[in-house]
Amino acid sequence: HSLARGHGRTRTMAPIAEVWCFEVDAKFERNGVISSNTLKHLELRDADLDKENGQLSYGANNHTVPDMTAKRKFVLRFGSDKFANDMHVAQIKAIYGKHVKEGKLTLEDKSNVKVLIKATASECQRLMKTLTTLKGAPKEVQNTHLAGLGCCSKCAAKHAATTAKGEERQKKIVAAQLAQAEAELQRKRKREQTEVDRDGEKARKLSEQLQRVEDMRVQKEAAKEDIARAKVIIEEKREAARAEKADLTRDVDSLAEQRKATAGERSALETERNELATLRTRLETQKQRAESDATALGAQLEANKATLLSLEVAKKAVEKERLTIVKERERVEAETVKYEEARRTLEQKKAAWEEVKKYKDDEQSYKAAAADRRRAEASAKENESAMKKAQRDVKTANNTAKQAQWAKDYERWESTGAASGAPEYPSPSGSPTGASPDAARFYGDAAGPASQSTKAKFKAVIDDDDDETPEKSTADVEMEEEEDAEREAKEFAASEQRARELSRKRQEEVARQAREKLAATQADAAAEKQRARKQGTKKAQKELLDEMRRKQEEDAAQREHHARMAHTERQIREKARSTCVATATDAIYEAHVLAFEAMKNCPPGALKEKDIPWPHPNNLCFFTPRDDHSACKKKVMRAIQRWHPDKFTQNFGVAIKETERERIMTRVRGVSASVIELRQVYN
C-alpha cells in the first residue's frame with residue numbers, strides 16, 4: 001500500500017547499450033608515425049545503441065542479444081572516456097595475427113590507420129576470434145558468440161562490485177519504504193485519535209453555547225421590558241425636543257440676519273485691508289528702489305574716488321617717468337653728437353686708408369707685372385741660348401762627319417795611288433774653297449797663298465752666320481747666371497720684406513677697422529637700447545593705465561554683481577516669508593506624505609489634478625512651530641525630491657491623465673521653483 005501511494009509514479013531505467021570489453025594496450029599508427037599515448041582497455045559497442053544511450057564506463061553486462069533482422073554495426077573504442085579513439089569494425093580491412101600467441105595483434109582499416117595491440121595471448125585470441133566472427137560469420141553465429149563473449153576480468157570484478165552495491169541500495173530503499181509505511185500508519189492512528197478528541201471538544205462547546213443562548217434569551221426578555229419603558233421616556237423627551245427645536249429655529253433666523261450684517265462689515269474691512277496691503281507694497285517697492293539707488297550711487301561714488309586716487313598715482317608716475325625720459329634724451333643727444341664726430345673721423349680715416357690701399361695695390365700690380373716681364377725675358381734668353389747651342393752642336397756634328405768622310409776618301413785615294421782626283425778637304429764654313437794640307441802638293445805653289453789666306457780667314461771668323469751673336473765662354477755664362485741669381489735673390493728678399501711690411505700694415509688696418517666697427521656697433525646698441533627703454537617706458541605706462549582701468553572695471557562689475565545678488569536674495573527672502581508660515585502640525589505633515597505615497601497605486605491615466613495633495617501656498621513644506629533650522633532644511637530637501645518635475649514625471653508620469661497633464665506639470669514646476677528658492681534661503 002505504501003509503495004503504491006509513494007509518489008503516484010514508478011521509475012523506468014533507460015535501456016543500456018550493449019558493450020563487450022577486452023583488457024589490451026593499443027597504439028595508433030598513422031602515416032608511419034606511432035602515437036606516444038598508450039590506450040588502455042578496448043570496448044566493443046553496438047553503434048546504433050551507443051548513439052542513443054551515450055558512453056558507459058567499464059562496460060555493461062547486458063549480453064542478451066535481441067533478435068534483430070537488420071545488420072548490426074559495431075565500433076571498437078580504445079581508451080577510457082576521457083581520451084578514446086574509435087574504429088568501426090566494418091572499416092577494418094586486415095587483421096594481422098601472426099604473433100597472436102606472443103600477445104601481439106595488429107589491425108588496419110581502409111584509411112591505412114593501424115592499431116598495434118598488446119595483451120595476453122588469450123585476450124588477443126579472444127579479440128581476434130571476435131573480429132573474424134563479426135567480419136565473416138553468419139548473423140546467428142555472431143549472436144551466439146556475442147552472447148557468450150562477456151567482459152574482461154577487470155571489468156567483471158568491477159561489475160560484480162557494482163551489482164552488489166545496487167542490491168544493497170535496493171535493500172535500503174525497501175527498508176526505507178517499510179519505515180515510511182509504518183510512519184504513515186502511526187500518523188493515521190494519531191489523526192483518528194485527534195478527530196475523536198476534536199468531536200468531544202465540539203460537543204462540550206456546543207452544550208456551553210446552548211447554555212449561553214438560553215441565558216441570552218432570558219436577558220433579551222428583560223431587555224424588551226426595559227426598551228418599552230425607555231420608549232415611553234423617549235416620547236416624552238421628543239415632545240420637549242420639538243418645543244426646544246422651535247425656539248432654536250427662531251434663534252437661527254436671528255443669527256442669520258446678524259451673520260449677514262457681519263459679512264457686509266467683513267467685506268468692507270477686507271477691501272480696506274487689501275487697499276492698505278497694496279499701499280504698503282507700493283511703499284515697500286519705492287523704499288527698496290530708493291535703497292538700491294542709494295547703494296548704486298554709493299558704489300559709484302566709491303568707484304569714482306578709487307579712480308581719482310589711481311589717476312593721481314598714475315599722474316605722479318607719469319611725471320616722474322617724463323623727467324627720466326628728458327634726462328635720458330639729453331644724454332642720448334650728447335652721445336649722438338659724440339658718435340657723429342667719431343663716425344666722421346672714421347670716414348676720414350677710411351678714405352685715407354682707401355687711398356693708401358689703392359696706391360699699394362697699384363704698386364703691387366706694377367711689381368707683379370715687372371716680375372712677370374723679367375721672367376718672360378729670362379725664359380726667352382734661355383730658349384734662344386738653347387737654340388743656338390743646338391745649332392752649334394748640329395754644325396759641329398756635320399763638320400766632324402765630313403772630316404771623317406774626307407779622311408776615308410783620302411786614305412782610299414792614297415791606297416789607289418792615283419795622280420789626280422784627290423778629295424777636297426771640307427771647310428768649316430762649308431765653302432768649296434777650303435783645302436786640305438795636301439792641297440798644296442796637288443795644286444802646286446799657286447794654291448799656297450790662297451790656302452794660307454783661307455786658313456787665316458778661317459781662324460779670324462768663328463761663325464760665318466752674320467745673324468748669330470758671338471758665343472760666350474762657359475765661365476762668362478756661369479758668371480752671368482750667378483749674377484742673375486744673386487740679383488733675383490736680393491729682389492726676392494726685398495719683395496718678401498715689402499710683403500711682410502705690407503701684411504703688418506694690413507693687419508694693423510684691419511684691427512683698427514675692427515675697433516671702429518666695434519665702437520660703431522656699441523653706439524648702435526646703446527642707441528637701440530635707449531629707443532627700447534623709451535618704448536618700454538611708453539608700453540609700461542600704457543600697461544599701467546590698462547591695468548588700472550581693468551581693475552576699476554572688475555571692481556565695478558563685482559560691486560554690481562554683489563548688489564544684484566543682494567537684491568535677488570532680498571526678493572527671495574521676502575517671497576519666502578509668505579511661503580514658509582509655520583502653521584502645520586506633525587499629523588498634517590504625515591497625512592500629506594501618506595497621501596503623496598498613495599498616488600503611486602493610482603492606475604495609469606487616472607490621476608487628476610484634484611487627486612494630488614497640493615501643499616498650501618503659505619506653507620509649502622508643512623513647517624511646524626517647533627521645527628528648528630535643521631528640521632526645516634530637511635523638509636525643504638524632501639519637498640524638492642518630491643516636487644521636482646523630473647522626479648514627479650518618473651514616479652507619476654504614467655498615472656497622469658493626458659487631458660490634464662500640461663496643467664498639472666505647470667503647477668508642479670511652480671511648486672518646485674518656490675521650494676528651490678526656500679533651499680537658497682535655508683542654505
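The values are calculated or read from the model by the stated rules, or taken from the named source; none is laboratory data. Just so you know, these numbers come straight off a predicted model, no measurement behind them. Positions of Cβ are generated from backbone atoms using ideal geometry, with glycine treated the same way; all protein chains shown enter the neighbour counts. Heavy atoms of the whole protein, side chains included, go into the accessibility calculation; ligands, DNA and RNA do not. Shrake-Rupley method; radii C 1.70, N 1.55, O 1.52, S 1.80 Å.
Annotations for the structure displayed:
- Restricting attention to region 662-681, the residues that are open to solvent by less than 60 Å² (accessible area, probe 1.4 Å), more than 45 Å from the chain's Cα centre (by Cα) and without any contact (Cβ under 8 Å) to a residue 12 or more places away in the chain add up to 1.
- The residue that is surrounded by the most Cβ atoms within 10 Å (Cβ to Cβ), counting only those in region 42-64 that are at pLDDT 70 or above and touching a helix residue (DSSP H, G or I) at 6+ places or on another chain (Cβ under 8 Å), is Leu42.
- Counting only residues that are open to solvent by 60 Å² or more (accessible area, probe 1.4 Å), farther than 22 Å from Asn683 by Cα and within 54 Å of the chain's Cα centre (by Cα), region 609-630 holds 0 of them.
- Any chance Leu545 is modelled with pLDDT of 90 or more and in a helix (DSSP H, G or I): no
- The combined condition, being aliphatic (A, V, I, L, M), surrounded by 12 or more Cβ atoms within 10 Å (Cβ to Cβ) and either modelled with pLDDT of 85 or more or touching a Ser or Thr at 6+ places or on another chain (Cβ under 9 Å) (or both), is not fulfilled by Val581.
- Residues in region 150-162 include at least one that is at pLDDT below 90 and either charged (D, E, K, R) or in contact with a Pro (Cβ under 6 Å, 6 or more places away or on another chain) (or both).
- First in region 513-537 and in contact (Cβ under 8 Å) with a residue 60 or more places away in the chain and closer than 13 Å to Val332 by Cα, second anywhere and surrounded by 12 or more Cβ atoms within 10 Å (Cβ to Cβ) and among the acidic types (Asp, Glu), Cβ under 8 Å, 6 or more apart: Ala523/Glu335; Ala526/Glu335; Ala527/Glu335; Gln530/Glu328; Arg533/Glu328; Lys534/Glu328
- Top-ranked residue in region 26-37 [being part of a strand (DSSP E or B) and open to solvent by 50 Å² or more (accessible area, probe 1.4 Å); ranked as farthest from Cys155 (Cα to Cα)]: Val33
- With respect to (1) within 60 Å of the chain's Cα centre (by Cα); (2) surrounded by 12 or more Cβ atoms within 10 Å (Cβ to Cβ), the lone exception for Arg374 is condition (1).
- Those residues of region 114-131 which are among the aliphatic types (A, V, I, L, M) and open to solvent by 20 Å² or more (accessible area, probe 1.4 Å), in sequence order: Leu116, Ala119, Ala121, Met128
- Gln180 open to solvent by 100 Å² or more (accessible area, probe 1.4 Å) and in contact (Cβ under 8 Å) with a residue 40 or more places away in the chain: yes
So that you can scan it fast, the table gives a plain yes or no per residue for (1) aliphatic (A, V, I, L, M); (2) modelled with pLDDT of 50 or more; (3) over 30 Å from Glu488 (Cα atoms); (4) open to solvent by 60 Å² or more (accessible area, probe 1.4 Å):
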residue	(1), (2), (3), (4)
Gln391	no, yes, no, yes
Thr400	no, yes, yes, yes
Ala419	yes, yes, yes, yes
Ala422	yes, yes, yes, no
Ser436	no, no, yes, no
Ala450	yes, no, yes, no
Lys457	no, no, yes, yes
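- All of Ala294, Ala243 fail the test of being under 30 Å from Ala556 (Cβ atoms), free of Cβ contacts under 8 Å to residues at least 12 places away in the same chain and open to solvent by less than 80 Å² (accessible area, probe 1.4 Å), apart from Ala294.
- Tally of residues being of a type in the set (Gly, Ala, Ser) and open to solvent by 80 Å² or more (accessible area, probe 1.4 Å) across region 337-368: 0
- For Gln300, the requirement of being under 30 Å from Arg564 (Cα atoms) and open to solvent by 100 Å² or more (accessible area, probe 1.4 Å) is met.
- Residues being in contact with a Lys or Arg (Cβ under 7 Å, 6 or more places away or on another chain), farther than 25 Å from Thr585 by Cβ, surrounded by 14 or more Cβ atoms within 10 Å (Cβ to Cβ) and at pLDDT 90 or above are represented in region 631-645 by at least one member.
- Residue in region 293-305 that is over 17 Å from Met548 (Cα atoms), within 58 Å of the chain's Cα centre (by Cα) and of a type in the set (S, T, N, Q) present: yes
- Test: Glu516 is of a type outside the set (Gly, Ala, Ser), open to solvent by 100 Å² or more (accessible area, probe 1.4 Å) and farther than 21 Å from Glu319 by Cβ: no
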